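J.: The structure is given below, and queries will be raised subsequently.
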Amino acid sequence: MAQEDVFKKIVSHGKEYGFVFPSSEIYDGLAAVYDYGQNGVELKNNIKQYWWQSMVLLHDNIVGIDAAIFMHPTVWKASGHVDAFNDPLIDNRDSKKRYRADVLIEDQIAKYDEKIDKEVAKAAKRFGEVFDEEKYRATSPKVLEERQRRDALYERYKKAMNATDLNELRQIIVDEEITDPVSGTRNWTDVRQFNLMFSTEMGSTSEGSMKVYLRPETAQGIFVNYLNVQKTGRMRIPFGIAQIGKAFRNEIVARQFIFRMREFEQMEMQFFVRPGTEIEWFEKWRAARLKWHEALGFGNAMYRLHDHEKLAHYANAATDIEFNMPFGFKEVEGIHSRTDFDLSQHEKFSGKSIKYFDPERNESYTPYVIETSIGVDRMFLSILCGSYREETLENGETRVVLRLPPALAPVKLAVLPLVKKDGLPGKAREIMDELKFHFHCQYEEKDSIGRRYRRQDAIGTPYCVTVDHQTLEDNTVTLRHRDTMEQTRVAIVDLNSIIADKVSITSLLKTLQA
Ligand code: GAP
């Protein structure tokens, strides 16, 4: 099945099983804004727990905060967001549609890649088993010609973006004869910068109001509080501050479901270090964060580290952790060595000293910062995509199963009476009443047992127990495993010890320390 179709299925599965709904759907939705349903919120909370605990519980030098979404507007001047948090936009005069100029060009680059792949696929068919793809890519004149055009375009685009040369971006669109997908014309306006921050007014008009922004990242709440936390928590460098919270960006091209949203959630940790030690810490955090992802068990080949060649002016090292989504390897997390840029800017704009006094060195300095920044929603999407399977069973039927890491699954155990009579529902309720204190259980009695198993597979429940007539006699139940569909007979008293460990975030966290 084409990856595009797989992705469409994942999106509709997410809706059908209560993971993600379009926001305000009865009013036809709000672009790039989504709501999490009854299963989505559980999965999301488990992701947040896994991250929070891996930061705050496993490191005695990392503490958390929860800063407000609104911040003093000067924060965003100091951070550079007011002046430089922009996307280059272009309008088509015929369709009246607005596009991101960089996205139009990136799509054009992708078209060259597709052409090359199609050429290679055609040759593979022609030559059959003797086909040597590497050699063909290196020698075919057609492929080489397309490759050269593609690389020249990429270089030109990169140069224009790095220099923020808006005229050149427009010229590339014109030279490449890129057409508007809606009108099919090339009637383009100039390229203009568009700030991504949402703003609103604070205060009543009689007192005068102040323009404030919805934060576009959570990090600044940590920077402006770092000395409060350091002093009140008697923290010594190196130390970190972690935060989970909403961020808002007026994304113009919002595509790929919850990959790029206008309202989303971030999990950020700023680690404050002595200047000169930042690269060492950057390497440590890069390895630690990759391990955190890999511990989920999707296979290490699903992740890729992408080191940035071109760094932002304030960074001296940066890496993205990418996940193999159905639409290619995409950034889920960024790890940046941000030098002392943010703290120095806040010192300059606030006029207040926010230097750290280092008792070991008996000197004050502005700490350097390593940032780990991950989007909750992107992480959620990567987990949904990595877990979704359509399996053909021995009897020819298809089962859709989410092979979620058990520690993240919304429901850990479904308790199912075989029939709705003979005292079986009562017995099942007794099991629920005992186990619900240990992990999230769901009771279901409607439909045949086979259909109930399928529903639990579809939401990724790792275990189901079936209460039958034998249960009333010997207090045993059938325990069914989601991934193998294997069923074993176990005593009710043993259920907690069999399941609890396997579905707990603690077990996952222990693998990080191994
Ligand atoms: N403080 C650094 C920072 O915000 P970023 O690369 O702009 O860096 C960090 O964002 C992470 O936040 C990304 O890796 C991504 O997971 C998530 N993210 C950013 N923009 C997003 C959006 N529009 N929708 C969903 N997630 C987003």
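The values are calculated or read from the model by the stated rules, or taken from the named source; none is laboratory data. Note that the structure is predicted; figures quoted are calculated from it, not measured. Cβ coordinates were reconstructed from backbone atoms using ideal geometry, including for glycine residues, and neighbour counts include every protein chain displayed. When the accessible area is computed, the model is the full protein with side chains, heavy atoms only, and any ligands, DNA or RNA have been set aside. Shrake-Rupley method; radii C 1.70, N 1.55, O 1.52, S 1.80 Å.
J.: Looking at (1) more than 26 Å from V82 (Cβ to Cβ); (2) modelled with pLDDT of 95 or more; (3) not aliphatic (A, V, I, L, M), can you tell me which one P216 breaks?
T.: (1)
J.: Quickly run through the stretch 340-355 and pick out the residues that are part of a loop (DSSP other than H, G, I, E, B), within 15 Å of I237 (Cβ to Cβ) and touching a helix residue (DSSP H, G or I) at 6+ places or on another chain (Cβ under 7 Å). Break it down stepwise before answering.
T.: Of all residues in the stretch 340-355, those part of a loop (DSSP other than H, G, I, E, B) come to 340, 351-355.
Filter once more, so that each one left must be within 15 Å of I237 (Cβ to Cβ): 340, 354-355.
Hit for the stretch 340-355 is I354, nothing else.
J.: Name, by its number, the condition in (1) in contact (Cβ under 8 Å) with a residue 60 or more places away in the chain; (2) more than 20 Å from the chain's Cα centre (by Cα); (3) open to solvent by 60 Å² or more (accessible area, probe 1.4 Å); (4) closer than 30 Å to V503 by Cα that does not hold for Q49.
T.: Among (1) in contact (Cβ under 8 Å) with a residue 60 or more places away in the chain; (2) more than 20 Å from the chain's Cα centre (by Cα); (3) open to solvent by 60 Å² or more (accessible area, probe 1.4 Å); (4) closer than 30 Å to V503 by Cα, the lone unmet condition for Q49 is (2).
J.: When you look at F323, is it out of contact with any Pro (no Cβ under 7 Å at 6 or more places or on another chain), open to solvent by 10 Å² or more (accessible area, probe 1.4 Å) and among the aromatic types (F, W, Y), yes or no? Spell out how you get there, then give the answer.
T.: On the way: out of contact with any Pro (no Cβ under 7 Å at 6 or more places or on another chain): yes; open to solvent by 10 Å² or more (accessible area, probe 1.4 Å): no; among the aromatic types (F, W, Y): yes.
Here the answer is no, as F323 does not meet what is asked.
J.: Considering V130, V174, V120, V143, which residue is within 30 Å of A312 (Cα to Cα) and not hydroxyl-bearing (S, T, Y)?
T.: Of V130, V174, V120, V143, the one residue that is within 30 Å of A312 (Cα to Cα) and not hydroxyl-bearing (S, T, Y) is V174.
Every residue, every condition in (1) in contact with a Leu (Cβ under 8 Å, 6 or more places away or on another chain); (2) of a type in the set (V, I, T); (3) open to solvent by 20 Å² or more (accessible area, probe 1.4 Å), yes or no:
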residue	(1), (2), (3)
P406	no, no, yes
D433	no, no, yes
K436	no, no, yes
E444	yes, no, yes
D457	yes, no, no
P462	yes, no, no
T466	yes, yes, no
T488	yes, yes, yes
A514	no, no, yes
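J.: Where residues in the stretch 10-44 are among the charged types (D, E, K, R) and outside any helix (DSSP H, G or I), which of them is nearest to the chain's Cα centre (by Cα)?
T.: At the first step, the residues of the stretch 10-44 found to be among the charged types (D, E, K, R) are 15-16, 25, 28, 35, 42, 44.
Those still in the list that are outside any helix (DSSP H, G or I) too: 28, 35.
On the way: D28: 25, D35: 15 Å.
It comes out as D35.
J.: Hey, another quick one. Return the residues of the stretch 493-506 that are surrounded by 14 or more Cβ atoms within 10 Å (Cβ to Cβ) and more than 29 Å from L393 (Cβ to Cβ); say none if nothing qualifies.
T.: N496, A500, S504, I505
J.: Turning to a different aspect of this structure: Any idea how many residues of the stretch 134-167 are open to solvent by 50 Å² or more (accessible area, probe 1.4 Å) and part of a helix (DSSP H, G or I)?
T.: So the answer is 22.
J.: Condition (residue is open to solvent by 20 Å² or more (accessible area, probe 1.4 Å), within 16 Å of the ligand (Cβ to nearest atom), within 18 Å of the chain's Cα centre (by Cα) and touching a residue at least 24 places away in the same chain (Cβ under 8 Å)) applied to the stretch 336-344: is it met by at least one residue?
T.: Yes, there is a match, as at least one residue in the stretch 336-344 is open to solvent by 20 Å² or more (accessible area, probe 1.4 Å), within 16 Å of the ligand (Cβ to nearest atom), within 18 Å of the chain's Cα centre (by Cα) and touching a residue at least 24 places away in the same chain (Cβ under 8 Å).
J.: Which one is surrounded by the fewest Cβ atoms within 10 Å (Cβ to Cβ), of the residues in the stretch 92-133 that are over 30 Å from the mean Cα position of the chain (by Cα) and within 18 Å of N187 (Cβ to Cβ)?
T.: K96
J.: Separate question: Which residue is most open to solvent (accessible area, probe 1.4 Å), if the candidates are limited to the stretch 356-400 and must be within 16 Å of the ligand (Cβ to nearest atom) and part of a strand (DSSP E or B)? Steps first, answer last, please.
T.: Restricting attention to the stretch 356-400, the residues satisfying the condition of being within 16 Å of the ligand (Cβ to nearest atom) are 368-386.
Okay, now just the ones that are also part of a strand (DSSP E or B), so 368-375.
Details: Y368: 52, V369: 3, I370: 0, E371: 5, T372: 0, S373: 20, I374: 1, G375: 16 Å².
The residue in question is Y368.
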